[in-house]
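Working notes for the structure below.
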Amino acid sequence: MGMPGIRHYLLPSVLLLSLSGSALAQSAEELLKEINERKERINQFRALLNDPDQSTRLAALDVMLKSDDLAMKEVAYGIGFNSADDAMRALALKGKFRDVTVLPFKLTAGEKETEAEKSTLQKLANSYSFKLGEFHEDTGQFTFSGGDYPPAKYNGQISGTGLEFQSRYCQGYFTLGDSANLNGELRCSGAYEGTYSATARLQ
C-alpha cells in the first residue's frame with residue numbers, strides 16, 4: 001500500500017528535475033546563440049574600424065563607443081587609442097570623457113626638484129585628480145571640480161588629442177601619447193608652487 005504513495009510523491013520531483021534539465025539545456029543554447037551573435041557583431045565592427053575609408057572608420061568607432069555593450073566599448077577603446085589615425089585617437093579621447101567620472105594624474109618632479117615641489121608631492125601623495133562635471137562633445141569643453149582647494153568648478157578643453165585645464169592654482173597641458181596615456185605637465189602656483197610631470201592612464 002505504501003509503494004503507490006511513494007511513486008505518487010516522487011513523480012512530481014522526477015518530472016521537475018527533467019523539466020529543469022530541459023530548461024537549463026535550452027538556456028545554455030540560447031546563451032551560446034546570444035554570445036555568437038554578439039561576437040559576430042563585434043567582429044563586423046572591428047572590420048569597419050580597419051576600413052580604408054576614414055569616414056567609415058570614424059563612424060564605426062563612434063557607434064561602438066556609444067554602445068551599451070561593454071565588450072564592444074573596450075574593443076573600440078583598444079583600437080581607437082592605438083590607431084595611427086589621430087582622428088580616431090581624438091574620438092576615443094572624447095569618448096572616454098563621456099564615460100569617466102574621476103581623472104587621476106600621477107605626478108613626478110623634474111630633474112631639479114625644489115624643496116617646495118618635494119613638499120607638494122608629499123602633501124599630494126604624488127597624485128592630482130579631479131571630478132569631471134559637464135562635457136560638451138561638440139566643442140570639447142568640460143567642467144571639473146577638485147584638484148586643489150578650496151573645491152570649485154573649473155574649466156578645461158579637449159582639442160584633437162590635446163587636453164588643457166585651469167584650476168585655481170594649477171594649469172594642465174597634456175597630449176595623448178602612446179596607447180591610452182595622457183602625458184604632460186602641471187604648472188602650479190601658490191600653495192602648490194612648482195612644475196610637475198604628470199600622466200594619466202585612460203584604459
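Legend: residues Leu31, Leu176, Leu70, sorted from most to least accessible area (1.4 Å probe; ligands, DNA and RNA excluded), read Leu70, Leu31, Leu176. Within the range 36-106, the trypsin sites (Lys or Arg not before Pro) that combine a DSSP coil assignment with at most 14 other C-beta atoms in a 10 angstrom radius are Lys66.
On a per residue basis, the range 24-95 carries 59 Å² of accessible surface, using protein heavy atoms and a 1.4 Å probe.
Annotation note: GluC sites (Glu not before Pro) in the range 73-174 located in DSSP loop regions with a Cβ neighbour count of at most 15 within 10 Å are Glu111, Glu113, Glu137.
Globularity index of the range 100-199 is 1.04 (Cα radius of gyration / 2.2 N^0.38 Å, N = number of residues). Pairs exceeding a 24 Å alpha-carbon distance, out of Lys112/Lys153; Lys94/Lys123; Lys94/Lys118; Lys96/Lys153: Lys112/Lys153; Lys94/Lys123; Lys94/Lys118.
The values are calculated or read from the model by the stated rules, or taken from the named source; none is laboratory data. Here the structure is a predicted model, which is why all the values come from computation and not from measurement. For neighbour counting, all protein chains shown are included, and Cβ atoms are generated from backbone atoms with ideal geometry for every residue, glycine included. Only protein heavy atoms, including side chains, enter the accessible area calculation; ligands, DNA and RNA are left aside. Shrake-Rupley method; radii C 1.70, N 1.55, O 1.52, S 1.80 Å.
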